[in-house]
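Below is one structure, written out as structure tokens, with a few remarks after it.
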Amino acid sequence: MDVLNFDINDKDFGDMFDNYSSDDAILDENSSPCHPLILGNWVNVMLAIVYSLVCFLAVTGNLVVMIVILHNWRSTSSTDIYLLHLATADLLFAVSLPFWAVDATSGWVFGDAMCKVVSMLQEVNFYSGILLLACISVDRYFAIVHSTQYHRLKRPILIKLVCAIVWMLAVLLSLPILYKGKFDYYGRVLCYELLEGESIAIWKNSTRFLRHIIGFLIPLDVMVFCYSVTILRLCQTKGFQKQKAMKVIIAVVLAFLICWLPHNITVSVDTLIRSKLIAETCDRRNLIDRALSVTRILGFLHCCINPILYGFIGLKFRRNLLNLLADKGLISQHAKTHYKRSASSSSESGFFSSAI
């Protein structure tokens, strides 16, 4: 593509997981050029370090979670299976981070096909993550609020079907990202969506709104409803163990919202601006670009948080991990027995607890 003939008004570089660049420049309503956001080399180096560290923690942590669940497969609950799929999604996302670490310092050097594949992994992780968390909230809702009907269901078959639907829906919602490709923008190769024409822009903004609704707002509403009713029911019970059983899942949901809600709100505002429902100015454009960069990094951190939550909050997870280590001869049986004694007062069973 000839850079000299490039008309920046015909390009739309914003998307949910795009690698926003300081090289971007836009025109305001009076056709005055906006000052581009300039990131120093040290910032790019720090981004590469953060991405690499998150990748290491996410790969290590999620592999441990998957191994522990699979090692204790016979005693897993329905939520354990959902969490296994969630760990798989986070692991797939983590393997994409080294590509962005290189991109931060050297630009996109991996070609057009890898641009599509890596971007697709990111989007599939996001959508599968929130859809799986919504499934967990529904599962807990029926297990606690409608326990009689819940135990009559053929859960193994139903869970497999639900997980298959989640992955298919996540892939379908992520398909628009395949319009991304490498683009030489004034000497720096970028991985961006290359869409031209007014009709294409309308289609893109329409799909953005659809993805916001199906891929975030609806699952979020489902989680809010299910956990609100579930927590209300738990507060009405005399036993404290069921209330303790919700701690891990509530922590997982809160971690997801803290990491991804700011980015999703920012992307929603960006979509409104690009749809011309909100007036675009240079200051507003630069503010949104900064917010997108910061909130995207916060979202990237999410893939390594869940295993940390399991380790600190999930008593049964720690016990199952010790069982695995003892079976492999990595710790002594004495340490395993000592921990079992200290945890014997808890009524937890399964991967996390009896209610999960």
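The values are calculated or read from the model by the stated rules, or taken from the named source; none is laboratory data. Model, not experiment: these values are computed from the prediction. No Cβ is skipped: glycine too gets one built from the backbone with ideal geometry, and neighbour counts run over all protein chains shown. With ligands, DNA and RNA removed, areas are computed over all heavy atoms of the protein, side chains included. Shrake-Rupley method; radii C 1.70, N 1.55, O 1.52, S 1.80 Å.
Every test in (1) modelled with pLDDT of 80 or more; (2) open to solvent by less than 20 Å² (accessible area, probe 1.4 Å) is passed by Leu301 save one, and that test is (2).
Restricting to segment 262-316, and then to whatever is β-branched (Val, Ile, Thr) and over 19 Å from the mean Cα position of the chain (by Cα), can you tell me which residue is nearest to Asn62 (Cα to Cα)?
So in segment 262-316, the residues β-branched (Val, Ile, Thr) come out as 265-267, 269, 271, 273, 278, 281, 288, 294-295, 297, 305, 308, 313.
Now drop any that are not over 19 Å from the mean Cα position of the chain (by Cα), which leaves 269, 271, 273, 278, 281, 288, 313.
Working: Val269: 32, Thr271: 33, Ile273: 37, Ile278: 40, Thr281: 42, Ile288: 32, Ile313: 16 Å.
Of everything passing the filter in segment 262-316, Ile313 is nearest to Asn62 (Cα to Cα).
Restricting to segment 55-68, name every residue that is under 12 Å from Tyr310 (Cβ atoms) and either touching a Ser or Thr at 6+ places or on another chain (Cβ under 6 Å) or open to solvent by 20 Å² or more (accessible area, probe 1.4 Å) (or both).
Taking segment 55-68 first, the residues under 12 Å from Tyr310 (Cβ atoms) are 61-62, 64-66, 68.
Correct list: Val64, Met66.
Picking from Val118, Val95, which residue would you name as being over 30 Å from Arg285 (Cβ atoms), at pLDDT 85 or above and either surrounded by 13 or more Cβ atoms within 10 Å (Cβ to Cβ) or touching a His at 6+ places or on another chain (Cβ under 9 Å) (or both)? None of the other options fit; the residue is Val95.
Evaluate segment 230-253: report whether one residue or more is surrounded by fewer than 16 Cβ atoms within 10 Å (Cβ to Cβ), at pLDDT below 80 and among the hydroxyl-bearing types (Ser, Thr, Tyr). Looking for residues that are surrounded by fewer than 16 Cβ atoms within 10 Å (Cβ to Cβ), at pLDDT below 80 and among the hydroxyl-bearing types (Ser, Thr, Tyr), one finds at least one in segment 230-253, hence yes.
For Ser75, the criteria (1) surrounded by fewer than 21 Cβ atoms within 10 Å (Cβ to Cβ); (2) at pLDDT below 75 hold in every case but one, which is (2).
Please name all residue pairs, on different chains or six or more residues apart, with Cβ atoms under 8 Å, provided the first residue is in segment 294-323 and is more than 18 Å from Met66 (Cβ to Cβ) and without any contact (Cβ under 8 Å) to a residue 40 or more places away in the chain and the second residue is among the acidic types (Asp, Glu) and surrounded by fewer than 22 Cβ atoms within 10 Å (Cβ to Cβ). The qualifying pairs are Leu315/Glu348.
Taking each residue of segment 253-265 that is among the aliphatic types (A, V, I, L, M) and looking for partners that are open to solvent by 50 Å² or more (accessible area, probe 1.4 Å) and modelled with pLDDT of 85 or more with beta-carbon atoms closer than 8 Å, six or more apart or interchain, yields Ile258/Leu298. Residues that are more than 17 Å from Val294 (Cβ to Cβ) and in contact (Cβ under 8 Å) with a residue 40 or more places away in the chain within segment 266-283 comprise Thr271, Arg274, Ser275, Ala279, Glu280, Thr281, Cys282, listed in sequence order. Do we find a residue being closer than 30 Å to Cys191 by Cα, part of a helix (DSSP H, G or I), hydrophobic (A, V, I, L, M, F, W, C) and modelled with pLDDT of 90 or more anywhere in segment 146-165? Yes: one or more hits.
Just the residues that are of a type outside the set (A, V, I, L, M) and within 21 Å of Asp90 (Cα to Cα), please, taken from segment 247-295. Once the filter is applied, which keeps residues that are of a type outside the set (A, V, I, L, M) and within 21 Å of Asp90 (Cα to Cα), segment 247-295 yields Lys247, Phe256, Cys259, Trp260, Pro262, His263, Asn264, Ser293, Thr295.
Of all the listed residues (Gly61, Gly107), the sole one being touching a residue at least 24 places away in the same chain (Cβ under 8 Å) and on the phi > 0 side of the Ramachandran plot is Gly107. Tallying residues that are open to solvent by less than 30 Å² (accessible area, probe 1.4 Å), among the aliphatic types (A, V, I, L, M) and at pLDDT below 75 within segment 304-325 yields 0.
Residues of segment 130-139 include at least one that is buried (at least 23 other Cβ atoms within 10 Å of the Cβ), modelled with pLDDT of 85 or more, out of contact with any strand residue (DSSP E or B) (no Cβ under 9 Å at 6 or more places or on another chain) and charged (D, E, K, R).
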